[in-house]
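The values are calculated or read from the model by the stated rules, or taken from the named source; none is laboratory data. Computed from a prediction, not measured in an experiment: that's the story for all the values here. Every residue, glycine as well, gets a Cβ built from its backbone with ideal geometry; the counts of neighbours run over all protein chains shown. The accessibility values were calculated without ligands, DNA or RNA, using every heavy atom of the protein model including side chains. Shrake-Rupley method; radii C 1.70, N 1.55, O 1.52, S 1.80 Å.
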Amino acid sequence: QVQLVESGGGLVQPGGSLRLSCASSGSISNFATMGWYRQAPGKQREWVASITIGGGGTNYIDSVKGRFTISRDNAKSTVYLQMDSLKPEDTAVYYCNGRIFNIEKWGRGTQVTVSS
């Protein structure tokens, strides 16, 4: 089975940057879309950004537009989330997701904490 593994989380000060990576054990071309979700303490998991694997089209939740950038590297079977101008409200566990038809895969998540 294909596995997704996130990395790159950590503690960063407000205004700082982090780059999250989601490595797939198989080709990401197996998915139609891949995305990032996040879940803050006491809140529901929310969609953050997604990218179509074929065309590379991207979408973002309004709160991260202009600050976050999702990208993919098909050769490395990896999807990235570049996060700039981080805010305390971005603190959450970030999860990678891959989807095709009714098949969905999730990673285990990586913690991002934005605090001074």
Which of the residues belonging to the stretch 65-116 are under 15 Å from Trp47 (Cβ atoms) and acidic (Asp, Glu)?
Asp90, Glu104
Wholly within the stretch 26-116, strands (runs of 3 or more DSSP E) carrying at least 3 residues that are touching a residue at least 40 places away in the same chain (Cβ under 8 Å) and of a type in the set (Val, Ile, Thr)
110-114
Over the stretch 39-88, the set of residues open to solvent by less than 20 Å² (accessible area, probe 1.4 Å), among the β-branched types (Val, Ile, Thr) and at pLDDT 95 or above is Val48, Ile51, Val64, Ile70, Thr78, Val79
Across the stretch 103-116, which residue is most open to solvent (accessible area, probe 1.4 Å) among those that are under 15 Å from Gly35 (Cα atoms) and not small (Gly, Ala, Ser)?
Arg108
